[in-house]
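Q: Just dropping this structure here.
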Amino acid sequence: MTTLVAQASGALLRTPPSTRANALAERLEQGARALEAAAIALTDTTWHSRIPGDGRKAGVVVHHVATMYPLEIQLAQLLAAGKPIDDVTWDRVHELNASHAKANDAVTKDAALDLLRRNSAAAAAAIRAMSDEELDRAATISLNDNAPLTCQFFLEDHAVRHSYHHLARIRAALATSAI
C-alpha cells in the first residue's frame, strides 16, 4: 500500500512512511511487548487459569490476541481501500472466539509467544505500509452499527487496542488473585 513514485531515471522510490502510521505501529508493538512480558511472567498454573468474566484461560487469551492480528489487519486494509466491512457482527466475533478457545485450550506458552511475536511484527509492518490518505478513508463497518468510520479508528479500536485490553483483564485477575 506504500505509494511508489517514479523518478525521471525510471527508478521507483518509496514515499516516506506516514508518521501517523508509524506511531500506530509503535503503539501496537508496545502493547504486544507488554502482553508478552506479562505472559512470560505467568506461572504454569496461572497460564492455565481461567480469567473471571471471560472464561478463557490466560494462555488462550494471549494466543487469541496473536491469532486476531491478521484478521484485524485484513479488515483495516479493506477500509484503507475504501471498502466497507460487512457481515462482521458481535455474534460472529463471539462464535470465533469460542471456537478459538476450544481449539487452543492446551496451547503452550512457547507456541503462543512465538505467534504473538510473528503476528504483531507482521501487523505493525502492514500498518507502517499505510498512507495518511488510507488511514483517513472511511467506510461502513457492520460491527459498529454500519457507522462510516476511518481505517485509523478501526486500527486503534481493534489491532492496536487488543493487547492492552486483554493485558488489563489478565492483570486485574492476577491482582485480585482470581487466577
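The values are calculated or read from the model by the stated rules, or taken from the named source; none is laboratory data. Fair warning: this is a prediction, and the values are worked out from it, not measured in the lab. Cβ placement follows ideal geometry from the backbone for every residue including glycine, while neighbour counts extend to all protein chains displayed.
Q: Pick from region 130-165 the residues that are of a type in the set (A, V, I, L, M, F, W, C) and in a helix (DSSP H, G or I): which of them is surrounded by the most Cβ atoms within 10 Å (Cβ to Cβ)?
A: Checked region 130-165; the qualifying residue surrounded by the most Cβ atoms within 10 Å (Cβ to Cβ) is 159.
Q: Of the residues 73, 127, only one is β-branched (Val, Ile, Thr), in contact with a Leu (Cβ under 7 Å, 6 or more places away or on another chain) and at pLDDT 95 or above; which?
A: Step by step, each of 73, 127 is checked, and only 127 is β-branched (Val, Ile, Thr), in contact with a Leu (Cβ under 7 Å, 6 or more places away or on another chain) and at pLDDT 95 or above.
Condition check ((1) touching a strand residue (DSSP E or B) at 6+ places or on another chain (Cβ under 8 Å); (2) of a type in the set (A, V, I, L, M); (3) closer than 14 Å to residue 162 by Cβ) across all residues:
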| position | (1), (2), (3) |
| --- | --- |
| 55 | no, no, no |
| 79 | yes, yes, no |
| 82 | yes, no, no |
| 85 | yes, yes, no |
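Q: Taking the criterion of being at pLDDT 95 or above, among the acidic types (Asp, Glu), under 23 Å from residue 63 (Cβ atoms) and within 12 Å of the chain's Cα centre (by Cα), would at least one residue in region 157-179 satisfy it?
A: Yes, region 157-179 contains a residue that is at pLDDT 95 or above, among the acidic types (Asp, Glu), under 23 Å from residue 63 (Cβ atoms) and within 12 Å of the chain's Cα centre (by Cα).
Q: Could you list, in sequence order, the residues of region 58-68 that are touching a Leu at 6+ places or on another chain (Cβ under 8 Å) and either surrounded by fewer than 23 Cβ atoms within 10 Å (Cβ to Cβ) or farther than 23 Å from residue 144 by Cβ (or both)?
A: Scanning region 58-68 gives 58, 59, 62, 63, 66, 67.
Q: Look through 168, 121, 172, 126 and report the one residue that is buried (at least 16 other Cβ atoms within 10 Å of the Cβ) and either of a type in the set (A, V, I, L, M, F, W, C) or not in a helix (DSSP H, G or I) (or both).
A: Among 168, 121, 172, 126, only 126 is buried (at least 16 other Cβ atoms within 10 Å of the Cβ) and either of a type in the set (A, V, I, L, M, F, W, C) or not in a helix (DSSP H, G or I) (or both).
Q: Also, quick follow-up: Given 96, 113, which one is at negative phi, part of a helix (DSSP H, G or I) and touching a residue at least 60 places away in the same chain (Cβ under 8 Å)?
A: Answer to the selection: 113.
Q: Among what's in region 99-110 and is assigned to a loop (DSSP other than H, G, I, E, B) and either within 19 Å of the chain's Cα centre (by Cα) or not charged (D, E, K, R) (or both), pick the residue that is surrounded by the most Cβ atoms within 10 Å (Cβ to Cβ).
A: 107
Q: Could you give me the residue pairs with C-beta distances under 6 Å whose first residue belongs to region 51-62 and is at pLDDT below 95, whose second residue is part of a loop (DSSP other than H, G, I, E, B) wherever it lies, and which are 6+ apart or on separate chains?
A: Taking only residues 6 or more apart or on different chains, the pairs are 52/178.
Q: Hey, another quick one. Inspect all residues belonging to region 122-134 and state whether any of them is farther than 27 Å from residue 17 by Cβ and not aliphatic (A, V, I, L, M).
A: No, every residue in region 122-134 fails to be farther than 27 Å from residue 17 by Cβ and not aliphatic (A, V, I, L, M).
Q: Here is a follow-up. Does residue 71 count as farther than 28 Å from residue 176 by Cβ, surrounded by fewer than 20 Cβ atoms within 10 Å (Cβ to Cβ) and not polar (S, T, N, Q)?
A: yes
Q: Same structure, new question: I'd like to verify a number: residues in region 31-72 that are part of a helix (DSSP H, G or I) and either more than 23 Å from residue 96 (Cα to Cα) or touching a helix residue (DSSP H, G or I) at 6+ places or on another chain (Cβ under 7 Å) (or both), how many?
A: Qualifying residue count for the region: 29.
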